[in-house]
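Here's the structure, in structure tokens; my notes come after.
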């Protein structure tokens, strides 16, 4: 284990069995450690960064967007979000899209959508499936 890894480890929760590798940079699907050794990044940040590292078209686009607004919740209208939604609707044949930032939110939306569909189709028992509370939608823990 390098001194760099040992110096960083005491303040970081050991939620995963960390490997004795300290990554320094990436390019495409490859990453390099602090010692210059190259690896294939097969994890992509556990499926968080599936677009690769330091892409020559992605970096300027991200820099441009970050300079404007880095994030906005769905309480507000975001014109570029609507443009993307319109394109996704066109390509998918669906009627609308739901943007979220986690699998938990995606599952909540799926359960809510199922509940709304079951209710509108006059299902004999639209609430006969398990959620955290007796309701038409699951909720993340408080």
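The values are calculated or read from the model by the stated rules, or taken from the named source; none is laboratory data. Being a predicted model, the structure only gives us computed values, none of them experimental. Positions of Cβ are generated from backbone atoms using ideal geometry, with glycine treated the same way; all protein chains shown enter the neighbour counts.
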Those residues of region 61-75 which are more than 20 Å from residue 51 (Cα to Cα) and at pLDDT 90 or above amount to 67, 68
Residue satisfying condition, being in a helix (DSSP H, G or I), modelled with pLDDT under 75 and more than 18 Å from residue 74 (Cβ to Cβ), within set 115, 122: 115
Residue 75 versus (1) farther than 30 Å from residue 109 by Cα; (2) assigned to a loop (DSSP other than H, G, I, E, B): which is the lone unmet condition? (1)
Select from region 85-104 the residues that are part of a helix (DSSP H, G or I) and touching a residue at least 12 places away in the same chain (Cβ under 8 Å) and write down the one among them that is farthest from residue 49 (Cα to Cα). 85
